[in-house]
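To start, the structure under review is shown below, and the notes come after it.
The values are calculated or read from the model by the stated rules, or taken from the named source; none is laboratory data. All values reported here derive from a predicted model rather than from experimental measurement. All Cβ positions, even for glycine, are placed from backbone atoms using ideal geometry, and neighbour counts span all protein chains on display. These area figures cover heavy atoms from the full protein model, side chains too; ligands, DNA and RNA do not enter into them. Shrake-Rupley method; radii C 1.70, N 1.55, O 1.52, S 1.80 Å.
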Amino acid sequence: PLKSLAFRLKRLSEHQGAFCAAHPPTQTMGPDSLRAITIFLRVVERESFSAVAREMRVTQPSISRSIALLETMLGAKLLLRTTRKVTLTEAGRVFYERAKAPARELIELAQEIAGEVGMPKGIVRIAA
């Protein structure tokens, strides 16, 4: 299963969600994908769905739905959940390790672009 996940992740990056003919995704990567990946990364780091929900000011079921969406898109269980603990599956560990750096770069890029858009540009002349 892990080899299959690695193959599917590689195909995903190459073909915008078309894993392979034998194992098509149940849902393609779309606008919610980056949000779901970001939520997954935060859940792993915080080890809590509830903590991430509070941090993002959304409901805990919303966080659960995002994780379920990501697991469905990838066709693999990423997290094992109990009432007290969240742990990574092997597939989840691989996905976390491979996804954290690119996701962080995208977030930083978006923040950088957003900061530049809001910054005034041009020459300021003051006459006395």
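Odds and ends about this structure:
- For Glu55, neighbours were defined as the other residues whose beta-carbon sits under 9 Å from its Cβ, and their charges (Lys and Arg +1, Asp and Glu -1) total +4.
- Peptide packing for 52-60, 37-45 was compared via the average number of neighbouring C-beta atoms within 10 Å per residue; ordered from the highest value, the list is 37-45, 52-60.
- In a fully extended conformation the segment linking Glu108 and Ala127 would gain 3.0 nm over its present Cα-Cα distance, using 0.36 nm per residue.
- Solvent exposure, largest accessible area first (probe 1.4 Å, DNA, RNA and ligands not counted), of Ile67, Ile113: Ile113, Ile67
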